[in-house]
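> Structure provided below as C-alpha cells; questions to follow.
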Amino acid sequence: MQEPRHLRVFLSSPGDVATERVIAQSILGRLPYDPFLRGHITIEIVAWDGPLGRVAMTAKVTPHEAVTRTLARPSECDIVIVILWRRLGTPLPDAYRRPDGTHFQSGTEWEYEDALLAPQQPLILVYRRTTGTDVDPSEPDSVEAHVQGERVRRFFNAFQDTDGSARGGVNLYSSPEEFGTQFDFHIREVLSRMIVPRIAQADTACQTMRLDAATPPQSMVGQSTQVRVQVCLPASKGLLRAMAIEDASQTPLEQLKDSLMPILFRKETASGSPLATQVAVDLFASSHHPVHSTEELLLLPSQDSGILSFTLEPRHAGVAIIQVALRQRLDGTRPVTSGTVMLESTIVESRAEAENDEVWHLVSRLLGTAQAAAVSSSDPAAIAQPYHARLTLKIVEDTERRKIEKYLSLDIPLLSSMLPVTRKKGTPLFSPSGQQTSGTALFEGLKPMLVESLRHDDELFAFLRDHPEVSGVDLVLLIEDRIAAVVPDHSSRVVAAIIARIGLLEFVGRQSYAPSERDSPSNL
C-alpha cells in the first residue's frame, strides 16, 4: 500500500472570524483519522494560531513578516482556505508591493494572491459570511468598520467581470455553524479527488462521473419525503431528464445539486476493458428519520446508473441539511469517499387535524388561534377565564428552540428567502446578493394582513406587558400562534421570526403594550 500523502493546508483570514478558524482547524485535525481517509493522508495545518502553538511575534518585525518567516507560504501549500466577514485586515508595510507597484490592502489579500499566482497553484477555497455586515454609526469604531467593509467589498468585486459574470467561486455562509457544515463537506470532496487517482493500480481505470442528488425544497413534519440519487456521465442530463418529465405533469420542481468525482473501474485481464463496479451511496440527514441510510449501486463504465430513491421522514421544523456521499472499495484498500453533495431543504410544521375544519378557520380568524382553541374545547371554565389568562407559552423540544434561535440570528432578507414560494416563469428568483427575492415579495404581500391581525390583538400585548421576561424564542412561538390562520403554506414560524427580528411594536406601529381603544376588554 502507498504511503499516505502529506498535505499542507494554509488558513488565511483576519481576526474577526476566530470562531470559523477554530472550526476549520478542528475539522482538519480530525480528517486523517476519518474511517474513509485513514491511511491515505496526513495534514499539516499552516496557520499563525495553529495547533502546535502561535507564531512568536518579535518587537522588530511586523506580525505579517513574523508569520511569513516562520510558516510555509500559501504558494508552497496544497490547499489554501480564505475566510472573510467584516474585515480584510491591516495594510502591509511599503515593502510588500505587487509587480505594478500597488499596495496590498492586508496580509490576507497578500496570502490569497500569493496562492493565486503560484507556478503550481494550490486548490483555493474562499468563504464569505453574509450576515451581520451592517455598520452601526453609533459604534466608536464605525469609521474603521466602514473602511474595512469597503475593502472586503472591493476584494470580492475581483471575482466578477465587468459584465457581471462570475470569474471565481465564493462559498457564502450565514453563521459559524453553517460554515462548519459547508467546509466539512467541501474539504472531504477535495481530498477524495486527490486520493482516488493515487490508489488506482495498473489493472484499474479512472473515469470522471457526476453525482446528482435531488429533493423537494420543502417538506412537512411527519410526512415522508424523498431524496433521489443518480451517478451519470459528465455530459448527461441525469436527474434533470426525470425532473423535466415530472414538471410537465404538474409535479413540484425539486432542487438539484451535483458534483464531479473520480470513479475507479477494474479492468478485464484479457481485453483491458473496464468492468462494472459496485459503490455505496451514504445519506446523512440529522433532521430526518432515519439519520443514516446506505444503498448499493452498480456502475457501468460510460453509462448512467439507475436512480436510487431514499425515503425520509422529517422530524422537526427548520432548515435541514442532507448530505449524500459516494464511497467505493477496491481490493486491498480502505473505503474511499469519491465525492459528496449537500442539499438544503426547509421543513415546516404540520397542522393539527382541527385546523383543517372550516369552522375552526373562521373562528380563528376572528379570535386568534389561541382563543379559537379554547372555544373549540367547549370547556366553560376555559372560556370564562380572564382576558389574557388563557394565553400561555408553548413547551417545545430543545431542538426546536435551537432552530428558532438560528432563525433569530439571520438577517431579515435571508429569513425571507426561506419562505416557500413557487417561481413564476420569467421572474427572477434570486437577487444579485444570492437571496431569494420571491420570498421577500411574499412577506410584503402578507404584511397588511399581518399588521391588521396583530395591531389590535390586545390579548397578546397585555400578556407581553405582564410578562417582560418573555424570550425571543417564546415571542416567535406566541406570534406564530396568532398568525397561523392568515399565513399560507405553513410558513408561520419563519414569518413570526421575521416579525420578531423587525420588532413587534415597530412592525404593527404601536408605541407600547398598553391596550388600544379598539377591542379593549371594556368594549368586548
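> Examine segment 125-142 for a residue that is among the small types (Gly, Ala, Ser), modelled with pLDDT under 90 and out of contact with any Phe, Trp or Tyr (no Cβ under 9 Å at 6 or more places or on another chain), and state whether such a residue exists. Working first, answer last.
So in segment 125-142, the residues among the small types (Gly, Ala, Ser) come out as 132, 138, 142.
Narrowing the set further to residues that are modelled with pLDDT under 90 leaves 132, 138, 142.
Subset that is out of contact with any Phe, Trp or Tyr (no Cβ under 9 Å at 6 or more places or on another chain): 138, 142.
Checked against the condition, which is being among the small types (Gly, Ala, Ser), modelled with pLDDT under 90 and out of contact with any Phe, Trp or Tyr (no Cβ under 9 Å at 6 or more places or on another chain), segment 125-142 yields at least one hit.
> I've got another one for you. Looking at segment 98-118, which of the residues that are in a loop (DSSP other than H, G, I, E, B) and touching a residue at least 40 places away in the same chain (Cβ under 8 Å) is surrounded by the most Cβ atoms within 10 Å (Cβ to Cβ)?
SER106
> Let me ask something additional. Which condition does GLN303 not pass, out of (1) closer than 30 Å to VAL487 by Cβ; (2) modelled with pLDDT of 85 or more; (3) not in a strand (DSSP E or B), if it passes all the others?
(1)
> Could you list, ordered by first residue, the pairs with Cβ atoms under 7 Å in which the first is in segment 145-158 and closer than 15 Å to PRO14 by Cα and the second is exposed (fewer than 14 other Cβ atoms within 10 Å of the Cβ) and at pLDDT below 90, at least 6 apart or interchain?
Between residues of segment 145-158 that are closer than 15 Å to PRO14 by Cα and residues that are exposed (fewer than 14 other Cβ atoms within 10 Å of the Cβ) and at pLDDT below 90, the close pairs are ALA145/GLU139.
> While we're on this one: Within segment 25-40, can you find the residues that are outside any helix (DSSP H, G or I) and surrounded by fewer than 18 Cβ atoms within 10 Å (Cβ to Cβ)?
To start, the set of residues in segment 25-40 that are outside any helix (DSSP H, G or I) comprises 34-40.
If the condition is that a residue be outside any helix (DSSP H, G or I) and surrounded by fewer than 18 Cβ atoms within 10 Å (Cβ to Cβ), then ASP34, PRO35, ARG38, GLY39 are the ones that fit.
> Suppose we filter segment 64-97 for residues that are within 34 Å of the chain's Cα centre (by Cα) and assigned to a helix (DSSP H, G or I); how many remain?
Of the residues in that region, 6 qualify.
> Please tell me if LEU264 is buried (at least 17 other Cβ atoms within 10 Å of the Cβ), in contact with a strand residue (DSSP E or B) (Cβ under 6 Å, 6 or more places away or on another chain) and at pLDDT 85 or above.
Values: buried (at least 17 other Cβ atoms within 10 Å of the Cβ): yes; in contact with a strand residue (DSSP E or B) (Cβ under 6 Å, 6 or more places away or on another chain): yes; at pLDDT 85 or above: no.
Answer is no for this residue.
The values are calculated or read from the model by the stated rules, or taken from the named source; none is laboratory data. Just so it is clear, the structure is predicted and the values come from calculations on it, not from any experiment. Cβ sites come from the backbone with ideal geometry, for glycine too, and all protein chains shown count toward neighbours.
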